[in-house]
Amino acid sequence: MDELNENIDPVNEVSSNEVVKANDDFVKFVQFLLKFYYRAKKIVKKYLWLFIVLFLIGIGATTNFILNKEKTYAASIMFVLKDDDASSTQYNSLADPLSSLLLNRTTSQSVNIDRLTEVVNSQKLLSNILYNKCIIGGKEDFLINHFLKIYYGVTGSYFSNYSGLNSLDRNKYKVFLQVFILVRNSITIEQTKSGAFVMRIKTIDEELSKVSSELLYQNLSNFYIDKTTEKAQRNYVFLRNRLDSIRNMLYSSEYQVANFEDRSRNLLLNTARVPQFRQRRNTIFYENLYLEVLKLFETSKVTLNNITPIFQILSRPYYPLTISTRSNLMIVLIGLIVSSVVLFLVLILIYLKIYIWPDYKHLFQYKDKDI
């Protein structure tokens, strides 16, 4: 029993020491806060003029932000985009043209907003928009030049011609990249509960916002349709050219058959009629081939029509545009927070200089003999 008590006593002693140490730490922390509080009051009283000046500067800066806050003009376009489900396009049913003619748009589905956002924010699309010519302020120029003039005060046309991003030198590409980021950050795309898309662009100029939004929608629809139907469009063009070629060969073969018949009316030998028989056989072959290609061509037209996305505008931007500004209350709250942080930092610096620095400044003082 005594041995057990001897083993328990050290444990209790260690636990009691930890409790005492924790209490001492808490007491020291409370004492430090009280000391800091009373010293801070003395600092504020001594340097009251400095804190008043800083507070007045904060009020002045907040007032200046409220009076000169930036106004942005929002141009919004609401549209519906329907894209055909790729799985509904059955190329293996080309043998039955009647079934292809019965295809309709009932298989269309709403487009994923993430996919549309990626297309809008792509460098390919935005570069096409920025190097479109438009009239703003009565002057026709590239859209990127209008952005440079309105946002950066660039006079004249910085970009006079454009033949692709590869043609830009290092400096011009940097300028393009700066405007590209500005435009990309100004564009937002949302999707309503009904599935419609709202594409919005905000700039500091009313006419710039309206023209940019219209160019954005126009290029988006063309770009999206071209990329979606690229493969079907190539197939359609190939079949159309092939159909024209076979038609010409068929017409030529029919003409040759008729020519042979005219020349062989008085011929009695069958050997002289061999070319005529061959040409008739070729004509029949071209007729069958023409019908098959014509069937494929008509099917490709219906397929192309079915996979072509449908863009339909529900609302356009009209003057006057909606003006967006930051709330005055938000600016005041931000001003109070920033001013409070600055005043607290100044208080800490003065506190360190008066009460902490004298005890540690000797560590930063060296004499030649100490080195």
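Data overview
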quantity: Residue in region 226-237 that is surrounded by fewer than 20 Cβ atoms within 10 Å (Cβ to Cβ) and under 18 Å from the mean Cα position of the chain (by Cα) present; calculated: yes
quantity: Selection count, region 34-56, where residues are over 52 Å from the mean Cα position of the chain (by Cα) and either small (Gly, Ala, Ser) or not assigned by TED's automatic domain parsing to the domain that holds Val341 (or both); calculated: 0
quantity: One residue from Thr308, Thr303 being at pLDDT below 75 and within 30 Å of Val198 (Cβ to Cβ); calculated: Thr308
quantity: Qualifying residue in region 157-174 (condition: crowded, with 16+ Cβ neighbours inside 10 Å, under 15 Å from the mean Cα position of the chain (by Cα) and within 30 Å of Ile323 (Cα to Cα)); calculated: no
quantity: Set Tyr366, Tyr355, Tyr360: member being within 18 Å of Leu50 (Cβ to Cβ) and at pLDDT below 85; calculated: Tyr355
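The values are calculated or read from the model by the stated rules, or taken from the named source; none is laboratory data. No experiment lies behind these values; they were computed from the predicted model shown. Cβ coordinates were reconstructed from backbone atoms using ideal geometry, including for glycine residues, and neighbour counts include every protein chain displayed.
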